[in-house]
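Notes for the one structure printed next.
The values are calculated or read from the model by the stated rules, or taken from the named source; none is laboratory data. Keep in mind the model is a prediction, meaning the values are calculated, not measured. Because the Cβ atoms are built from the backbone with ideal geometry, glycine has one as well, and the counts that use them run over all protein chains shown. SASA here: full protein model, heavy atoms, side chains in, ligands and nucleic acids out. Shrake-Rupley method; radii C 1.70, N 1.55, O 1.52, S 1.80 Å.
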Amino acid sequence: MGACMALCSLASCASCLCGSAPCLVCGCCPSSNNSTVTRLVFSFFLLLGTMVSVIMILPGMETQLRKIPGFCQGGTTILGIENQVKCDVIVGYKSVYRMCFAMACFFFLFSAIMIRVRNSRDPRAAIQNGFWFFKFLILVGITVGAFFIPDGAFNSVWFYFGLVGSFIFILIQLILLIDFAHSWNKIWVGNAEETQNKCWFAGLLSFTVLQYVLAFSAVVLFYIYYTQPDDCTEHKVFISLNLIFCLIISVVSILPKIQEAQPHSGLLQASLISLYTMYVTWSAMTNNPNLRCNPSLLSLVLHANTTQPSASPDSGHVQWWDAQGIVGLIIFLFCTLYASIRSSSNAQVNKLMQTEEGTGYGGEGVVGEDGVRRAVDNEEENVTYSYSFFHFHLCLASLYIMMTLTNWYQPDTTTQAMQSTMPAVWVKMCSSWLGLGLYLWTLIAPLIFPERDFS
């Protein structure tokens, strides 16, 4: 009897995995829309690939694999069995490059397939919203194939793909943060006006002050630890420029004409953007190959001599995990989840993100004839987001993960070492400047084009 019930349950799961509705996830989220569940599942695929990359880059992983008899070339052998696996490829930065290459190809493939899907009646929408088992097999197949790519110029070329993709993804992160801050401010102000409870305003004021305190504290720390009286000119310029730009957007956001055109703009958004800008500035400075200007976090905590770092970039021993990388992963996870469930009323952000104003989770899961709960199809008339752009966003996220996990180091094919490079520094700084310019544009655009609707 128990075996029969198990088979029925397995058949039910198979229908979800191979069918046109993600009912497995809907079972956990009984009130959900098809569009939301689909984005969450694809985001889970990205998170799964990220977790595999993290495991493969853990310190000592190659040493542990070499202990497996008959597995790694040059490792422990078994009589009569020739070791075939190149463990230096399946761990370390090479594994991250290949895993993220596979994810980028997977999402780019779906981005190309889903171009100009208008509603769920398009046959391609069934592919987007179902057949999860087969899509997972495709991802696994691409991943396995990626590990057979010979080294050659692949690592060096893919590094520059990662730079460009990460540059664009940082801008998308900033757009999502702007949208989050606008929605946050709008909801809390609305609650304050409806309930006449001043605690909402106090909360907004507290978070605004906290974010500004953190941002300007970071500026002070940057000048103390990431500059030298006779060196680090680039850092001094980066810090000073971004400080000035943050002050400019803060002042502009509260100008009377700006407030008249955009009542929901204010210091909350400006403070969040300023804090994020300082994070990007810090992240950029940690990639400076000049170690006098780039002390390790450990040396700062232990008050060690920053002019005598423990590891040289030429030694081939690199620090994969550091604070800026961990913060980058946290921001990535937040933005990916937010992009999956967001339902914005901001017209400017919706145009940039290729989405439409929606209702988020708002549907009730329906139960089919087989008793399985499925998500509501809320895209019969029009899709609520661009399928193609969403996959392109995840493709860029894969490249960003690759660069973050490898600390933006550039592989040197001649010495087989990983080195910090100035191109990574300039990519991050340019993205921060472009992001600040983009936010400034969202503030002044309604004044320049008053006939257009920017609400």
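Contour minus end-to-end for Phe131 and Val213, with contour as 0.36 nm per residue of separation and end-to-end as the Cα-Cα distance?
My answer for the length gained is 24.7 nm.
Apply the Karplus parameterisation 6.51 cos²θ - 1.76 cosθ + 1.60, with θ equal to phi minus 60°, to every residue of segment 237-254 and state each ³J(HN,Hα) to the nearest whole Hz, in sequence, with x for glycine and proline.
For segment 237-254, the Karplus-derived couplings read 5, 4, 5, 5, 4, 5, 5, 4, 5, 5, 5, 5, 5, 5, 5, 4, 5, 10 Hz, x marking Gly and Pro.
Per residue, how much accessible area does segment 241-301 have with a 1.4 Å probe, in Å²?
That works out to 39 Å² per residue.
Residues with amide H under 5 Å of Gln410's amide H, sequence separation 5 or more or different chain, H placed in the peptide plane at 1.01 Å from N; which?
The answer is Gln419, Ser420, Thr421.
For Thr195 paired with Glu260, estimate the spin-label separation in nm (one decimal), with each label point 7 Å from Cα along the Cα-to-Cβ line.
About 3.3 nm, to one decimal.
From the phi angles alone, apply the Karplus equation (6.51, -1.76, 1.60; θ = phi - 60°) to segment 155-166 and give each ³J(HN,Hα) in whole Hz, x where the residue is Gly or Pro.
With coefficients 6.51, -1.76 and 1.60, one gets 4, 5, 5, 5, 4, 6, 4, x, 4, 5, x, 5 Hz.
Taking a ≥ b ≥ c as the square roots of the Cα gyration tensor eigenvalues, with a/c under 1.5 meaning rounded and otherwise prolate when a/b beats b/c, else oblate, which class fits segment 196-278?
It comes out oblate by the Cα gyration axes.
Heavy atoms of the protein only, probe of 1.4 Å, neighbouring chains included. What is the accessible area of Phe131 in Å², nearest 10?
Spelled out: Phe131, probe radius 1.4 Å, area about 80 Å².
Can you pull the percent of segment 162-296's accessible area that's carbon plus sulfur, 1.4 Å probe, other chains left in place?
Heavy-atom surface of segment 162-296 belonging to carbon and sulfur, 1.4 Å probe: 72 percent.
Is segment 113-172 best put as rounded, prolate or oblate by its Cα gyration tensor, with a ≥ b ≥ c the root eigenvalues, rounded for a/c under 1.5, and otherwise prolate when a/b is larger than b/c, oblate when not?
oblate
Label segment 163-242 by shape, choosing from rounded, prolate and oblate, from the square roots a ≥ b ≥ c of the eigenvalues of the Cα gyration tensor; if a/c is under 1.5 it is rounded, and otherwise prolate applies when a/b is larger than b/c, oblate when it is not.
oblate
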